[in-house]
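What follows is a single structure, written as structure tokens, with notes after it.
Just so you know, all these numbers are worked out from the coordinates, no wet-lab data involved. What you are looking at is a predicted structure, and each value in this text was computed from that prediction instead of being measured. Cβ placement follows ideal geometry from the backbone for every residue including glycine, while neighbour counts extend to all protein chains displayed.
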Amino acid sequence: MPYSGSSSRRAFSGAPELTFAAGTFRSNDILRASPPLDFLVSCAYRVGFALITAMLAVIVLLPTARAQSIDETCVDALASEGQRWDGPPMETFTWDGTPVDAGSIEISSVTVCRANGPLEILPPVQFIGCVLVDGRLATIGGSLGCGAYRDVRLDADGALIWIARSNGAADEVSRLLWSGAEFYRDQTYTACWDDPFTAVGDPVDCGR
């Protein structure tokens with residue numbers, strides 16, 4: 001008579017048996033009770049599919065989140081307090097609603113936010129705007145990266161070219177370099193309005 005909690009090895013041929021108070025079990029019975037391989041593969045497949053689906057959802061949603069962030073930053077940038085890099089104190093402007101992609105410096109995106117009002121404080125012959133780098137308001141020489149401009153663009157060397165109207169026929173062109181943290185002025189020169197990349201000695205030459 002078997003007793004509770006004990007086990008004994010029996011002579012046998014084939015799979016080993018274990019005798020317990022509850023009964024006799026063969027090792028094959030234990031193996032058959034384990035989850036089958038195809039079930040484990042199916043579970044792994046389902047988990048992997050769920051992870052891939054979640055990653056794709058994040059990839060699809062990231063551009064939308066980034067665009068919303070830029071929109072909010074443009075609104076905030078044009079209402080910043082402080083000193084504009086071109087000299088005057090910053091006033092509260094409203095955004096025209098269209099972020100302008102100026103290109104990229106290495107892997108950092110450059111965006112220009114242009115103001116559309118209030119009309120009474122906008123300059124009559126050029127724009128007011130702010131520059132963002134990777135969705136954040138940039139600084140130029142320690143001041144806000146905002147100011148009056150006729151055009152803002154990146155040149156082939158990755159420098160930010162800030163073109164501002166000087167008078168009716170000439171522009172003041174500033175070449176700004178990115179330090180990794182902010183822009184700094186590399187050089188400023190006078191150019192004719194139709195050729196901003198060629199310096200002139202006298203703005204009077206632009207009217208000839």
Cα gyration tensor of the range 115-208, axes a ≥ b ≥ c as square roots of the eigenvalues: rounded (a/c below 1.5), prolate (a/b > b/c) or oblate? oblate
³J(HN,Hα) computed for each position of the range 153-163 - Karplus, 6.51 cos²θ - 1.76 cosθ + 1.60, integer Hz, glycine/proline x: 8, 9, 8, 5, 8, x, 7, 8, 9, 9, 10
Using the beta-carbon distance between E106 and V200 and R0 = 35 Å, what value does 1/(1 + (r/R0)^6) give for FRET efficiency, to the nearest 0.05? 0.65
